[in-house]
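Read the figures in this text as sums done on the coordinates, not as results from a lab. No experiment lies behind these values; they were computed from the predicted model shown. Methodologically, a virtual Cβ is constructed for each residue, glycine included, from the backbone with ideal geometry; neighbour enumeration extends over all protein chains shown.
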Amino acid sequence: MQHHIVLKVAAKLLLPFILLFALYVQFHGDFGPGGGFQAGVIFGAGIILYALVFGVDHARAVVAPGVVRAVAALGVLLYTGVGVVSMLLGANFLDYDVLAGHPVAGQHLGILLVELGVGLTVTAVMILLFYAFASEG
């Protein structure tokens with residue numbers, strides 16, 4: 001594995017910036033371009049880069065498949081939970097106005113939570129698909 005030293009060093013340098021950029025896209029998504037799906041793809045690609053450079057077994061040790069499945073379920077529950085809470089508060093499914101005392105604050109909170117749920121789900125599904133295909137070979 002010594003012949004991959006440049007690749008490993010480059011990945012170690014780039015990975016924190018990739019994950020940080022994913023977080024920026026996630027939390028800036030309700031104010032500009034980006035959001036949960038884009039951030040999930042970037043974050044998942046960062047983890048997949050780690051697995052490709054350092055090995056799938058090392059990636060599974062860092063990001064266990066069971067944890068990834070739980071994160072995928074959590075993301076779907078978060079997305080659906082926002083809709084159910086808005087229905088329980090007397091509005092339509094995913095009508096964010098009722099989530100806070102002021103409609104604009106409710107919109108921001110609802111979008112933030114829904115985009116977070118989408119981001120978690122997309123990240124987890126990308127990693128799970130990679131693990132499934134990587135174990136076939």
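Before moving on, here are some points about what is shown:
- Of the residues making up region 17-45, just one is touching a residue at least 12 places away in the same chain (Cβ under 8 Å), over 21 Å from Ile111 (Cα atoms) and more than 11 Å from the chain's Cα centre (by Cα), namely Ile18.
- Check on Val63, among the β-branched types (Val, Ile, Thr) and more than 30 Å from Val9 (Cα to Cα): no
- Subset of region 77-94 (residues that are more than 23 Å from the chain's Cα centre (by Cα) and either touching a residue at least 60 places away in the same chain (Cβ under 8 Å) or not in a helix (DSSP H, G or I) (or both)): Leu89, Gly90, Ala91, Asn92
- Filter result for the condition that a residue is touching a His at 6+ places or on another chain (Cβ under 9 Å) and under 16 Å from Tyr131 (Cβ atoms), over Ala51, Ala72: Ala51
- Exactly one residue out of Ala91, Ala100, Ala64 is aliphatic (A, V, I, L, M) and closer than 23 Å to Tyr50 by Cα, and it is Ala64.
- Test result for Leu14, in a helix (DSSP H, G or I), under 15 Å from the mean Cα position of the chain (by Cα) and free of Cβ contacts under 8 Å to residues at least 40 places away in the same chain: no
- Any hit, region 107-118, residues being without any contact (Cβ under 8 Å) to a residue 12 or more places away in the chain and surrounded by fewer than 19 Cβ atoms within 10 Å (Cβ to Cβ): yes
- Hey, Leu128 hydrophobic (A, V, I, L, M, F, W, C), touching a helix residue (DSSP H, G or I) at 6+ places or on another chain (Cβ under 8 Å), surrounded by fewer than 21 Cβ atoms within 10 Å (Cβ to Cβ) and not in a helix (DSSP H, G or I) or not: no
- Out of Phe21, Phe93, Phe54, one residue alone is farther than 21 Å from Leu120 by Cβ and among the aromatic types (Phe, Trp, Tyr). It is Phe54.
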